[in-house]
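Here's the structure, in structure tokens; my notes come after.
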Amino acid sequence: MTPQHTTRVAFMTDAPRVAGSEVWLLDVLPLLPAHGLNPTVFLPHGEALDELARRFGEAGVPARRYDDLKAITADLNSFDLRVVQAWDPGTYRALDTLRAPAWPWCTISWTTTTRPD
């Protein structure tokens with residue numbers, strides 16, 4: 001049964017190549033429409049991600065490619081909810097002009113810092 005209302009969710013990654021989390025996105029995002037979530041994935045341009053973008057399209061998940069994070073801010077702001085998966089902590093700072101999502105109580109943010117002993 002498909003829900004009557006769908007929520008548009010942007011999944012943005014700054015991944016330079018395919019790794020486990022990108023494979024997980026490819027497995028999970030096509031399942032979301034059955035639960036009322038309409039996913040779109042934002043991937044950086046790069047040969048290492050071309051096949052992944054193609055496979056998202058085949059799975060029914062739109063893949064938008066980008067060169068500059070600032071250039072996609074308006075697109076990201078048009079979604080009800082955004083999930084940012086960053087390899088580079090600077091990505092979060094580059095997206096500082098995003099407005100609060102439609103569901104601010106769902107906003108989760110964390111950073112991991114590795115320090116030498």
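Charges only on Cβ, +1 for Lys and Arg, -1 for Asp and Glu: so what's the dipole of region 58-102 about the Cα centre, in debye to the nearest 20? Each step should come with its number before you reach the end.
Working: 6 positive and 7 negative charges, 24 e Å.
Here the size comes out at about 120 debye.
With a 1.4 Å probe and every protein chain kept in, tell me what percent of the accessible surface of region 9-54 is carbon plus sulfur.
That share works out to 62 percent.
Expected output is a single nm value to one decimal: the length gained when fully extending between residue 24 and residue 100, i.e. 0.36 nm times separation in residues minus the C-alpha distance. What is it?
Values: separation 76, 0.36 × 76 = 27.36 nm, distance 2.59 nm.
Result: 24.8 nm gained on full extension.
Modelling each spin label as a point 7 Å along the Cα-to-Cβ direction, I'd like the residue 47/residue 59 distance in nm, to one decimal.
My value for the distance between the label points is 2.4 nm.
Sticking with the crude label model, points 7 Å out along Cα→Cβ, report the distance from residue 88 to residue 75 in nm, one decimal please.
Computed distance between label sites residue 88 and residue 75 equals 1.7 nm.
The values are calculated or read from the model by the stated rules, or taken from the named source; none is laboratory data. Note that this is a predicted model, so its numbers are computed, not measured. FYI the Cβ positions are ideal-geometry reconstructions off the backbone, even for glycines, and counts take in every protein chain you see. The area values use the complete protein model at the heavy-atom level, side chains included, leaving out ligands, DNA and RNA. Shrake-Rupley method; radii C 1.70, N 1.55, O 1.52, S 1.80 Å.
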